[in-house]
Amino acid sequence: MENIGQFIPLIVIITIVVVVIKLKNKGRETRIEEFNKKHGTNFKNELELNYYVATRLDKKAEGIIPEKKEIFGNDEEEDKSLMSKVSRLKRLYNNGTLTKAEFEEAKNKLLK
């Protein structure tokens, strides 16, 4: 009983780590639930959600830049559109929806 006091800091640290992990997981679960409600999907984990978002971005990125530009004149609007798409990718990366590799791949597709 006398030596139990030396374990109190260890118990406190372990408790804090467990609480932080639980809160982080709860945030992910909440984000998945919100996405499911908003888009009418039924994802159970973050891996499924990230795969869905990444494939949607790939499909959208395929048609972003036309192969030939016949009319040159509205480059400013195209720049704004491109910047808004890159900004959206950055937001998805910052909020944890995209991994760094997914973000870089999608960004490179946009900038080609």
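Readers should treat all values here as calculations from the given coordinates under stated rules, not as data from a laboratory. Here the structure is a predicted model, which is why all the values come from computation and not from measurement. Every residue, glycine among them, receives a Cβ derived from its backbone with ideal geometry; neighbour counts consider all protein chains shown.
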Exercise. Once the piece of chain linking R56 and I4 is laid out straight, how much longer is it, given 0.36 nm per residue of separation minus the C-alpha distance between them?
Worked result: 13.2 nm
Problem set entry | Label point distance in nm, N36-E105, each placed 7 Å from Cα along Cα→Cβ | 2.5 nm
Seminar exercise, completed: Hull surface over four for the Cα convex hull of segment 10-59, reported in nm², is 4.1 nm²
